[in-house]
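Notes for the one structure printed next.
The values are calculated or read from the model by the stated rules, or taken from the named source; none is laboratory data. Worth saying up front: this structure is predicted, and the values here are computed from it rather than measured. Here Cβ is always computed from backbone atoms with ideal geometry, including for glycine, and neighbour counts include all displayed protein chains.
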Amino acid sequence: QMEDKKKLQHFASRHSVTPDGKALRLEANISSIKELEIALSSGANGVGLFRTEFLYMDRNRFPREEEQFEVYRSVAEKLGGDPLVIRTLDVGGDKQLDYFELPEEDNPFLGYRAIRISLDRTDLFKTQLRAILRASVYGQVKLMYPLISSVDEVRSANRILNEAKLELEQEGLPYDRGMKVGIMIEVPAAVMIADMLAQEVDFFSIGTNDLVQFTLAVDRMNEEISHLYEPFHPALLRMLKLTVEAAKRSGISVGVCGELAGDMRALPIWLSLDVDELSMSAHSILHVKERLLGTKQEESRGLFQQLQLCRTSTEVLEMLESFKGEPK
Ligand code: PEP
Ligand code: MG
């Protein structure tokens, strides 16, 4: 992997654009400061998913507003003017906190987690929102809510966001009034009402890890059924299409931040659907960029229509494999 990195390193400073001029932002998913360094050295165009869980996991109590603010601010500053999408707390499911007693659940991924906890524990939520708002003046900070499944959840979250803004104003603390607010699309219900959700937010980011799990009813952690976890399943292609089309019709931006974003085989799909950005594990950026620099968007025109005729993941993958971008 070190070898690879060296070979690809010269791509870091190259602009992320296809040979025929389609710019596609390649951003990083990070869940620690260390990963931020890798992202920066790989020439990431920003951070498309800042998983804030680690701030809550590396200690024995909830992080205070000030502690969170310092971290968010420092990441925003290190990114210069590049976007930083901060996702609010997404614990529950596979992620636990020692000091926060979560109920024993039969189906934790379907349970008390992510935005559901935030909307229940609005004290914790507002602390995080205040910290993010305060950091927003130090860079291009955007806010993102995880696991949204209804318009009500977005409105409730935004109501608390507005309270936080009001408080900061009263305290004379600055924040970016234009801070963009988006949601993760990772629950099939959100896909089905994507047109309605698009009216409420500034951007979508498709979380394929959970979306595959929920669409196929396949626990993403269960080894017993890992062969059924198929990101290229035709059902998922339809989910992607509905989401991207809804975003485009409403004129909001749409990106992808699940593992699939960093899967080189999927790049022609993103070009064909014309998504705005891909956020991936920092280690994948240079690999995806190498392919992006050698693939014309024009050639992927019509590819998605063809893919939609495939009836199995195997057929989808075969078609993607036979799709050749131009060599660099
Ligand atoms: C996802 O679900 O695709 C995602 C990016 O979020 P996480 O992997 O943190 O659940
Ligand atoms: Mg998720």
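Can you work out which of the residues in the stretch 213-226 that are within 12 Å of ligand 1 (Cβ to nearest atom) and touching a helix residue (DSSP H, G or I) at 6+ places or on another chain (Cβ under 6 Å) is farthest from Trp270 (Cα to Cα)? Across the stretch 213-226, the extreme among qualifying residues is Arg220.
When Thr215, Thr243 are checked against the criterion of being among the hydroxyl-bearing types (Ser, Thr, Tyr), over 17 Å from the mean Cα position of the chain (by Cα) and farther than 24 Å from Tyr138 by Cα, Thr215 stands alone in meeting it. Condition first: surrounded by 21 or more Cβ atoms within 10 Å (Cβ to Cβ), more than 24 Å from Val256 (Cα to Cα) and in contact with a helix residue (DSSP H, G or I) (Cβ under 8 Å, 6 or more places away or on another chain). Can you find one or more residues in the stretch 118-125 that meet it? Scanning the stretch 118-125, I find at least one residue that is surrounded by 21 or more Cβ atoms within 10 Å (Cβ to Cβ), more than 24 Å from Val256 (Cα to Cα) and in contact with a helix residue (DSSP H, G or I) (Cβ under 8 Å, 6 or more places away or on another chain), so the answer is yes.
Among the residues of the stretch 104-139, count how many are acidic (Asp, Glu), part of a loop (DSSP other than H, G, I, E, B) and modelled with pLDDT of 95 or more.
First, the residues of the stretch 104-139 that are acidic (Asp, Glu): 104-106, 120, 123.
Checking the rest, the ones that are also part of a loop (DSSP other than H, G, I, E, B) come to 104-106.
Subset that is modelled with pLDDT of 95 or more: none.
Residues flagged as acidic (Asp, Glu), part of a loop (DSSP other than H, G, I, E, B) and modelled with pLDDT of 95 or more within the stretch 104-139 amount to 0.
So, Leu317, is that one surrounded by fewer than 19 Cβ atoms within 10 Å (Cβ to Cβ) and assigned to a loop (DSSP other than H, G, I, E, B) or not? Walk me through it before giving the result.
Working: surrounded by fewer than 19 Cβ atoms within 10 Å (Cβ to Cβ): yes; assigned to a loop (DSSP other than H, G, I, E, B): no.
In short, no.
Of all the listed residues (Ser250, Ser272, Ser279), the sole one being within 21 Å of Lys296 (Cβ to Cβ) and hydroxyl-bearing (Ser, Thr, Tyr) is Ser272. If you go through the stretch 281-312 and pick out every residue that is crowded, with 17+ Cβ neighbours inside 10 Å, among the small types (Gly, Ala, Ser) and over 21 Å from the mean Cα position of the chain (by Cα), you end up with 1. Taken over the stretch 75-97, the criterion of being touching a helix residue (DSSP H, G or I) at 6+ places or on another chain (Cβ under 8 Å) and not aliphatic (A, V, I, L, M) is satisfied by Glu77, Lys78, Thr88, Asp90, Gly92, Gly93, Asp94, Lys95.
Condition check ((1) more than 15 Å from ligand 1 (Cβ to nearest atom); (2) in a helix (DSSP H, G or I); (3) without any contact (Cβ under 8 Å) to a residue 24 or more places away in the chain) across all residues:
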| position | (1), (2), (3) |
| --- | --- |
| Leu102 | yes, no, yes |
| Val141 | yes, no, no |
| Arg159 | yes, yes, yes |
| Ala164 | yes, yes, no |
| Pro174 | yes, no, no |
| Met184 | no, no, no |
| Met196 | yes, yes, no |
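Considering Ala23, Ala76, the condition of being among the hydrophobic types (A, V, I, L, M, F, W, C), more than 16 Å from ligand 2 (Cβ to nearest atom) and under 22 Å from Ala261 (Cα atoms) is satisfied by Ala23 alone.
Restricting attention to the stretch 1-58, which residues are charged (D, E, K, R) and either without any contact (Cβ under 8 Å) to a residue 12 or more places away in the chain or within 28 Å of Leu273 (Cα to Cα) (or both)? Glu3, Lys6, Lys7, Arg14, Asp20, Lys22, Arg25, Glu27, Lys34, Glu37, Arg51, Asp58 - these are the residues of the stretch 1-58 that are charged (D, E, K, R) and either without any contact (Cβ under 8 Å) to a residue 12 or more places away in the chain or within 28 Å of Leu273 (Cα to Cα) (or both). A single member of Leu237, Leu271 is over 22 Å from Ala44 (Cβ atoms) and among the aliphatic types (A, V, I, L, M), and it is Leu237.
Ile148: modelled with pLDDT of 95 or more, touching a strand residue (DSSP E or B) at 6+ places or on another chain (Cβ under 8 Å), within 16 Å of ligand 1 (Cβ to nearest atom) and part of a loop (DSSP other than H, G, I, E, B), yes or no? Considered against the rule, which asks whether it is modelled with pLDDT of 95 or more, touching a strand residue (DSSP E or B) at 6+ places or on another chain (Cβ under 8 Å), within 16 Å of ligand 1 (Cβ to nearest atom) and part of a loop (DSSP other than H, G, I, E, B), Ile148 comes out as yes.
Can you say whether Arg116 is out of contact with any Ser or Thr (no Cβ under 7 Å at 6 or more places or on another chain), within 16 Å of ligand 1 (Cβ to nearest atom) and without any contact (Cβ under 8 Å) to a residue 40 or more places away in the chain, as far as the supplied structure shows? When the stated conditions are applied, Arg116 passes them. Scanning the stretch 44-99 for residues that are part of a strand (DSSP E or B) and farther than 23 Å from Thr122 by Cβ yields Val47, Gly48, Leu49, Pro83, Leu84.
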